[in-house]
1. Based on this model, can you work out whether Ser279 counts as in a loop (DSSP other than H, G, I, E, B), among the small types (Gly, Ala, Ser), surrounded by fewer than 24 Cβ atoms within 10 Å (Cβ to Cβ) and modelled with pLDDT under 95?
2. Yes or no: segment 124-136 includes at least one residue that is in contact with a strand residue (DSSP E or B) (Cβ under 8 Å, 6 or more places away or on another chain), within 18 Å of Met227 (Cβ to Cβ), in contact (Cβ under 8 Å) with a residue 40 or more places away in the chain and not aliphatic (A, V, I, L, M).
3. Select from segment 179-207 the residues that are closer than 17 Å to Met227 by Cβ, buried (at least 21 other Cβ atoms within 10 Å of the Cβ) and of a type in the set (Gly, Ala, Ser) and list them in ascending order.
4. Only one residue in Phe308, Phe322 is buried (at least 16 other Cβ atoms within 10 Å of the Cβ) and in a loop (DSSP other than H, G, I, E, B), so which one is that?
5. Criterion first (acidic (Asp, Glu), over 20 Å from the mean Cα position of the chain (by Cα) and not in a strand (DSSP E or B)) does Glu327 satisfy it?
6. Answer yes or no as to whether Lys245 is exposed (fewer than 14 other Cβ atoms within 10 Å of the Cβ), basic (Lys, Arg) and at pLDDT 90 or above.
7. Assess whether Gly52 counts as being modelled with pLDDT under 95 and under 23 Å from Lys186 (Cβ atoms).
8. Across segment 22-74, what is the number of residues that are closer than 23 Å to Cys129 by Cβ and polar (S, T, N, Q)?
Amino acid sequence: MPWHNHCDPLRTKRTSSNLAPTMPSQSVVKASNASFGPAYVPVAIFVGGTSGVGQGMVEAFARYVQGRAHIIIVGRNEHAAASILARLPKPASESTSAEAEGWKHEFVPCDVSLMANVRAACAEIRAKCTHVNFLVLTAGYNSWYPAVTSEGLDLHLALRYYQRFVFIQELLPLLQAAQALFQDAKVMSVLGAGRGSPKRPIDLDNLGNTIKPRNSRFSVALRSLIMASGYTDAMLAYFATRNPKIAFTHIHPGIVRTDALRSASSFGGLLTPLSWIFSFILPFFAVSQDESAEHMLYGLFSGERGLFIRDRYGNVVSQLVFDNTVELGDSLETSVLNGVPMLGYGASDLGVRRIMEHSVTVTR
């Protein structure tokens, strides 16, 4: 059976858990993460692992398993990936135990803005792996300049949502294979969890953000940013209802001091003074990528199966576990999944179905 270092107290119930989040200390989080010790050599894919929170998660994960894992970093920056991989701990050369067999650390290049590239990367991963235990999706995009990709997708949504959908869809058989081996099978999307509310339903008349006018630069970009979080809730809810023995987590990383954040808070022209203000106050409320990564792993290692909405500390905001495959109905009630209210969840049952139909069509 899968090994778990700590469990969510209500994870076996078939109802939503809306728990009051508390902030665990770094010492508690690190101690919990350090107790992760599977009897098998885990296979972990980190999409966006060459920088930011993704890089922090790669490095912390490798440290906790002492290098004994098949780790694949997916991203654009081969030079950064090579530097990260070179620093990861390696199992002792004299170790010949079965536990140490099969470990490997490697890089798969991919510009995730194009779904054709994502599918090619997934094909390469399938050629390298017979199963996947952890699929961690952190690659994203922050900009106030909207654009459309050569595949006709909104660039923000392509980088923050569609590529995540394709990675899960393409690698799902490998996750199912891990579960069939009675090993961990978990997906984590690090994005904007917990923002869903009945007051902010998903706009099903502007799926993809390419139907309504795109005249105002700021409003178009803002729509995409908001959409990505709700779409991710819907996507993970769908996969959780169809794969009740796998854990699907949407987690909020909080405000993290990364190059992407500094780039997003950089304004030009008349707004340049605003950039100076952001640069000054950023250190006071943003955490380091390494600190955030510890909390992300804290959430990743817990929760055996079902859908999880987690906060920036890795705590459960709400969760729902299914015993069997579920077919969702036509309810338009936001923050309710299969009749169960979920705090911070941003979709409806009909919304899940519509967004999945849309995602399959436009990423085909």
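1. Numbers: in a loop (DSSP other than H, G, I, E, B): no; among the small types (Gly, Ala, Ser): yes; surrounded by fewer than 24 Cβ atoms within 10 Å (Cβ to Cβ): yes; modelled with pLDDT under 95: yes.
Against the criterion (in a loop (DSSP other than H, G, I, E, B), among the small types (Gly, Ala, Ser), surrounded by fewer than 24 Cβ atoms within 10 Å (Cβ to Cβ) and modelled with pLDDT under 95), Ser279 does not qualify.
2. Taking segment 124-136 as the starting set, the residues that turn out to be in contact with a strand residue (DSSP E or B) (Cβ under 8 Å, 6 or more places away or on another chain) are 124-125, 128-129, 131-136.
Within this subset, residues satisfying the condition of being within 18 Å of Met227 (Cβ to Cβ) are none.
There is no residue in segment 124-136 that is in contact with a strand residue (DSSP E or B) (Cβ under 8 Å, 6 or more places away or on another chain), within 18 Å of Met227 (Cβ to Cβ), in contact (Cβ under 8 Å) with a residue 40 or more places away in the chain and not aliphatic (A, V, I, L, M).
3. Ser189, Gly192, Ala193, Gly194, Gly196
4. Working: Phe308 fails: in a loop (DSSP other than H, G, I, E, B).
Going through Phe308, Phe322 in turn, the sole match is Phe322.
5. Values: acidic (Asp, Glu): yes; over 20 Å from the mean Cα position of the chain (by Cα): yes; not in a strand (DSSP E or B): yes.
Judged against the criteria, Glu327 is a match.
6. Values: exposed (fewer than 14 other Cβ atoms within 10 Å of the Cβ): no; basic (Lys, Arg): yes; at pLDDT 90 or above: yes.
Answer is no for this residue.
7. On the way: modelled with pLDDT under 95: yes; under 23 Å from Lys186 (Cβ atoms): yes.
Yes: the conditions hold for Gly52.
8. 3
The values are calculated or read from the model by the stated rules, or taken from the named source; none is laboratory data. Bear in mind that the values here come from a model prediction, so they are computed numbers and not experimental data. Please note: Cβ atoms are built from the backbone with ideal geometry, for glycine as well, and neighbour counts cover all protein chains shown.
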